[in-house]
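The block underneath contains the structure these notes are about, expressed in structure tokens.
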Amino acid sequence: MTRSRSATVAAALVLSALALSACGSSEKKGPRFTCPDVLMERTTADVVVFRDGPGRDLTDVMYEAQLTGFTGDCERAKNATSVTVTIQPTFRVNRGPAWAGGTPALAYFTAIPAYYPSPDAKKVYSVPFTFPPGTATSVVLRDEKVFVDIPIPADGSKPAPVYLGFQLTADQLDYNRKTGGPQGR
């Protein structure tokens, strides 16, 4: 990913987070609320999948994917004590030299670390993909909307942030930390 592309993605993410965080309402009964921030951390915004075996150079890449952004909204839930955040992520997947075909799936998550270890603190989703027939080397995917419910703090402060990223293996996370993922190559 070029620096100008990285800057464009970063700007889009900041604008999306700002748009979501500006939500608020006093029309419905209950305390005024502010929408939580939705954040994408750099170390989980990319994934590189290598073919089986020890090789980890460019010729061993089956595909690489980037979480390029999301659209979203938030509103007070019907119970008036929580906020429902709607997130619809977008991904770009690039075929690598070791691509062997098939229909793999991207695994991504929404997480609210403030609620760990509750099972509701993190949810993992799956998006299957394939490349179109012919010479296409990349595909852009938009997943269905996912919904995250977050309690409104009693004092009316901003709810805990929601994180969005790829569900990575320990090796993939280590790779991203060492290389910066596809962006750092």
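Please treat every number below as a calculation from the coordinates, not as lab data. Since we're looking at a predicted model, the values are computed, not measured. Ideal geometry is used to build each Cβ from the backbone, glycine not excepted, and the neighbour counts take in all protein chains shown.
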Report task. State which entries of Lys122/Lys178; Lys122/Lys158; Lys123/Lys178 exceed 23 angstrom in Cα-Cα distance in the structure shown. Result -> Lys122/Lys178; Lys123/Lys178
Query raised in the report: Counting Lys +1, Arg +1, Asp -1, Glu -1, what net charge surrounds Phe109 among other residues with beta carbon under 9 Å of its beta carbon?
Result: +2
Requested in this report: Work out from phi, with θ = phi - 60° and the Karplus expression 6.51 cos²θ - 1.76 cosθ + 1.60, the ³J(HN,Hα) of each residue of segment 128-133, listed in order in whole Hz, and give x for Gly and Pro.
Outcome: x, 8, 8, 8, x, x
**Report entry** Net +/- balance of residues flanking Lys145 in space, Cβ distance below 14 Å, scoring K and R +1, D and E -1
**Finding:** -3
